[in-house]
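Here, each number is a calculation from the coordinates, and none is a lab measurement. Note that this is a predicted model, so its numbers are computed, not measured. Note: ideal-geometry Cβ built from the backbone for every residue, glycine included; neighbour counts use all protein chains shown.
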Amino acid sequence: MSSRRDFLRSAGIASIAGGAVAAASVSRVAMAALPEPVMQMKPDTMPPLVPNSGRPYNPVVTLNGWTLPWRMNKGVKEFHLVAEPVVREMCEGFKAHLWGYNGQSPGPTIEVVEGDRVRIFVTNKLGELTSVHWHGQRLPNGMDGVTGLNQPGIAPGKTFVYEFVARRPGTFMYHPHADEMVQMAMGMMGFWITHPKDKHPLIDPVDRDFVFLLNAYDVDPGAYTPKIMTMLDFNLWSWNSRVFPGIDSLNVRLNDKVRIRIGNLTMTNHPIHLHGHEFLVTGTDGGPTPKSSRQYEVTTDVAVGQMRQIDFLADEPGDWAFHCHKSHHTMNAMGHDVPTMIGVDHRRIAKQITKLIPDYMAMGERGMKDMTEMEMPLPDNTAAMMTGKGPFGSVGMGGMFSMVKVRKEQKPGDYSDPGWYKHPPGEVAYEWTGSLPDPARFKAEASAPAQGSMPVERMPAKQVEVQIRKPKSHAGMGH
Ligand SMILES: [Cu+2]
């Protein structure tokens with residue numbers, strides 16, 4: 001993680017460039033009144049933006065993201081979002097050409113306090129209409145951002161102004177409501193936090209507060225631009241447009257009260273699972289949950305268009321996996337559209353193919369984990385399917401996977417990666433090297449098959465092992 005000063009430096013340099021481009025498309029007079037747009041060029045997790053004006057609050061940390069600075073103008077918090085094409089590094093060695101806001105996808109997090117009057121300038125630097133919908137907010141109908149219904153679309157080169165009071169505390173999202181299928185598939189989205197103005201009976205203060213969005217892309221290996229027509233079969237399941245091992249770990253101090261807010265703007269649900277701890281779902285898009293509704297969980301499903309806020313006490317030191325529980329969502333491109341080969345003996349066919357193609361590799365006959373160890377040449381711009389080097393070897397993960405690292409030594413306010421956990425002696429699973437006795441079989445199983453609790457009615461005279469070969473398509477069925 002870079003320091004705040006680095007961030008401001010990069011933001012300063014970038015905003016000159018950004019300002020120059022914006023000035024070309026927005027009139028000079030208008031620009032004079034606009035807050036200079038702040039840009040971010042790096043996908044790093046930025047330290048929390050401690051408010052220097054307005055009511056104080058406990059800022060959030062956006063995973064592999066940042067919070068948008070504002071300008072205070074006669075008591076109104078002014079933000080400037082620039083909708084534009086961006087290059088997002090989704091993990092090391094893999095960049096995607098997306099659309100986003102202020103240099104990144106997702107856009108910066110907007111943080112305000114309950115009761116704040118907020119003015120957001122939105123400049124459109126895309127080639128088509130856009131708008132911004134403030135998902136979950138109470139606001140005047142004409143500020144809700146649905147193109148055609150609440151406002152005309154923001155034409156390319158134009159700037160629109162949204163203004164409303166952040167009426168209720170909570171976690172919200174923002175995204176276009178104009179050509180959504182394309183613009184959201186291209187990465188246009190962001191988080192909005194409204195902090196409570198006073199002590200709130202249902203919102204406990206926490207030591208660390210993380211936010212990220214669930215998003216998904218379909219980028220062919222070697223390509224840069226997502227396929228926008230994909231509805232379900234995405235090959236990159238991401239958190240804030242990053243895939244493991246590109247997702248930063250959530251680094252906390254032992255016994256910290258931790259909050260994580262997760263919004264889902266993909267087209268399927270994601271059961272988010274935390275190891276080693278139990279959490280309470282303390283908030284949804286609708287606001288804080290009533291205490292009577294809270295129960296301890298280790299997995300919570302975040303449905304499409306939903307936000308879930310989880311709170312837990314980080315009281316177990318270690319590196320705890322934190323991931324989507326759909327196993328297909330913890331792998332990257334290349335992991336999709338691969339035929340199942342478990343149990344298939346490739347040896348003879350591989351030998352024959354090798355005569356023609358010397359580099360041919362048979363894949364996946366013992367399972368797919370082999371593929372993580374394989375030094376397989378990847379196309380130039382893609383993410384390895386299952387990867388990530390841990391202290392004990394390959395983690396064999398991708399996509400929506402990260403870790404919560406709980407450390408006694410982590411200083412308050414320090415979000416840097418503490419490295420791998422050093423396990424106390426005797427606290428790591430180990431190989432058994434003694435003798436292995438035969439397993440004691442259940443009595444009924446050991447005797448004749450007909451003596452089980454539900455005897456088989458008619459056994460075949462001869463045991464037959466059925467070999468099935470499924471046709472791949474209807475075309476193959478005629479043979
Ligand atoms: Cu998932």
Compute the convex hull volume of the Cα atoms of the range 245-309, divide it by the residue count, and report the result per residue in Å³ as a whole number. 108
Can you list residues whose amide H is under 5 Å from ILE193's amide H, if they're 5+ apart or on another chain and H is modeled 1.01 Å from N? ILE110, GLU111, VAL112, PHE172
Scattering profile of the range 87-197 from the Debye formula, Cα beads only, expressed as log10 I(q)/I(0) at q = 0.20, 0.24 Å⁻¹, is -1.06, -1.38
Can you compute 3J(HN,Hα) from phi for each residue in the range 421-429, using the Karplus curve 6.51 cos²θ - 1.76 cosθ + 1.60 with θ = phi - 60°, rounded to whole Hz and x for Gly and Pro? 5, 9, 6, x, x, x, 10, 10, 4
Using θ = phi - 60° and the Karplus form 6.51 cos²θ - 1.76 cosθ + 1.60, what ³J(HN,Hα) does each residue of the range 180-197 get, whole Hz, x for Gly and Pro? 4, 4, 6, 5, 7, 5, 8, x, 8, 5, x, 9, 9, 10, 10, 6, x, 7
Expressed as a rounded percentage, what relative contact order does the range 218-289 have, with Cα pairs under 8 Å and six or more residues apart? 18
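Just want to confirm a number: the relative contact order over the range 139-240, from Cα pairs under 8 angstrom separated by 6+ residues, in percent.
Details: 118 pairs, mean separation 21.1, N = 102.
Relative contact order for the range 139-240 comes out at 21 percent.
Decide, for the range 160-309, between rounded, prolate and oblate: order the square roots of the alpha carbon gyration tensor eigenvalues as a ≥ b ≥ c, take rounded if a/c falls under 1.5, and otherwise choose prolate if a/b is larger than b/c, else oblate. Please report the intermediate quantities before stating the final value.
Working: a/c = 2.07, a/b = 1.40, b/c = 1.48.
Cα axes put the range 160-309 in the oblate bin.
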Once phi is turned into θ = phi - 60°, what whole-Hz ³J(HN,Hα) does the Karplus curve with 6.51, -1.76 and 1.60 give for every residue of the range 157-167, x standing for Gly and Pro? x, 9, 10, 10, 10, 10, 8, 6, 9, 6, 7
Using modelled amide H (1.01 Å from N, peptide plane; none on Pro or chain starts), what sits under 5 Å from the amide H of ALA216, excluding residues fewer than 5 places away? SER238
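Order of 278-286, 246-254 by packing, highest average Cβ count within 10 Å first?
Values: 278-286: 17.4, 246-254: 21.7.
Highest-to-lowest ranking by the protection proxy: 246-254, 278-286.
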Rounded if a/c is under 1.5, else prolate if a/b beats b/c, else oblate: with a ≥ b ≥ c from the C-alpha gyration tensor eigenvalues square-rooted, which is the range 30-102? oblate
